[in-house]
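Data first, discussion second: the structure below is written as C-alpha cells.
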Amino acid sequence: MAPLKSLEQEYPILDSNFQSFCASHDIFSVEDLLLHDLYVLAAFAEQESSSERLKQGIAQVLSIIDGQHQPWLNGMELLEDAQRNKHVLSTGCEGIDLLLHGGLRVGQLTELVGPSSSGKTQVCLLAASNVAKKHIGSVVYLDTGNSFSPQRVTQFICQHSDPAIDQAKHTTLRKVMNNISCQSVFDIFTMFDVLHQLEFNLRSQIQGGDCKVQLLIVDSVSSMVTPILGGSGSQGHALMISAGYLLKKLAHEHNVAVLVTNHTVGGDGGISKPALGESWKSIPHVRLLLSRDHGGSICNVSILKHPSMAVGKAARFMIHN
C-alpha cells in the first residue's frame, strides 16, 4: 500500500495538514496507520482545530483499504478468469519462453534475479521490443539506472530484417518505439507517483495512444528499494512491501504482465541469493535466476519460484552482444 503523500492527488482530503498530523504520530504510510490504535488516533485528532477534516481523512484511508479487498471467487470463476484474461506474452527469448510455456503471464509479477552482467536488462529490452512489435499493446518501462537503450531495441527489431526492405523495417521500428514509454525513476517515491498515475490512467482508460498497456517493466526494483532498507526503522520495509503490493495490484486488476529485476547478494557459505530479504520473497509470482557464462553470450535461466512449475527447472539461451 502507498505512502500517504502519493494519495493526495487522487484524494484531496489527505492533504499536507493530514500528512503532518500523521507524521507527528510516526505515520507515513497506509501500513503505519493500520498499526496504530485508530480510536486513540481519533482522540488525538479531536484535540486539533481541524478535527473533523482529520477524522474524514482517517475514514478516507480506511475506505481506500476496503475498496482494495478482492471479492471471494470460487474455483470455476478463477478458471474462467485465467482462460479469458491471463494469457502469456512472448519475451522473444526462446529459452525463457520455452521454460515458462510461452512467456510472461498476464496478471502476474515475474522477477529476474541475477548478478551484474547476467543479462537481466538485455532480457527486459528484448521483452519490451517483442511485446511492442508483436502484440496489440504498449509497454511501460521504468528505468532506474539509465539502462534503457533505444539502440539495443533497434538491433533486436532489425537483426532479422531483409536490408532490401528498408521502408518496411523503418515502419516497424517506428511502431515499436511509439509503443514503448520509458520513464526514468531514481527513488521509490517517484516510482510510487508514476505507478499511481499509471493506475489512474488504466482505470480511466486514458492512454497516450490507442494501445492498452500489456507489459510493465521495472529495471531494477532493488536499486530503489535497497537504499531505504538501512537503519532500525520500519518505514523502508513498509515502503518495499507497498511497492510490491501495488505492482501485483496493477498486474491482477488490469491484466498487465509485470517484469522486475533484482540483484544478488552473498548468502550462507558464500552462495549468492536474491536481494531484498525474506519479506520480498513472497511478492513475485514467478522468480527466475539468471547467470551468464564468463565472457560469453550464453545465459542460463532456472526457476526459483513458480505457482505451477517445478523449482530448479532450467534452460539456456543466447544473447548477442
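The values are calculated or read from the model by the stated rules, or taken from the named source; none is laboratory data. Only a predicted model underlies this, so the values are computations on that prediction, with no experimental measurement involved. Quick reminder, even Gly has a Cβ in these numbers, built from the backbone with ideal geometry, and neighbours come from all protein chains shown. All accessible areas refer to the heavy atoms of the entire protein, side chains included, with ligands and DNA or RNA removed. Shrake-Rupley method; radii C 1.70, N 1.55, O 1.52, S 1.80 Å.
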>> Just the residues that are within 30 Å of the chain's Cα centre (by Cα) and aliphatic (A, V, I, L, M), please, taken from the stretch 21-42.
In response: A23, I27, V30, L33, L34, L35
>> Could you list, ordered by first residue, the pairs with Cβ atoms under 6 Å in which the first is in the stretch 202-217 and surrounded by 14 or more Cβ atoms within 10 Å (Cβ to Cβ) and among the basic types (K, R) and the second is part of a loop (DSSP other than H, G, I, E, B) and at pLDDT 65 or above, at least 6 apart or interchain?
In response: K212/G137
> If you take the residues of the stretch 113-132 that are among the hydrophobic types (A, V, I, L, M, F, W, C) and over 14 Å from L142 (Cβ atoms), which of them is surrounded by the fewest Cβ atoms within 10 Å (Cβ to Cβ)?
Replying inline: L126
> From the list S90, S16, S6, S29, which residue is among the polar types (S, T, N, Q), at pLDDT 90 or above and out of contact with any Gly (no Cβ under 6 Å at 6 or more places or on another chain)?
Replying inline: S16
> Do you know which of the residues in the stretch 1-13 that are touching a residue at least 60 places away in the same chain (Cβ under 8 Å) and in a helix (DSSP H, G or I) is nearest to the chain's Cα centre (by Cα)?
Replying inline: S6
> Hey, does the stretch 233-254 have a residue that's more than 13 Å from the chain's Cα centre (by Cα), modelled with pLDDT under 85, over 23 Å from K273 (Cβ atoms) and not β-branched (V, I, T)?
Replying inline: yes
>> Only one of V225, V221 is surrounded by 14 or more Cβ atoms within 10 Å (Cβ to Cβ), closer than 18 Å to D143 by Cα, modelled with pLDDT of 90 or more and of a type in the set (A, V, I, L, M, F, W, C). Can you tell me which?
In response: V221
>> Just to be sure I understand, how many residues within the stretch 1-47 are among the acidic types (D, E) and open to solvent by less than 60 Å² (accessible area, probe 1.4 Å)?
In response: 3
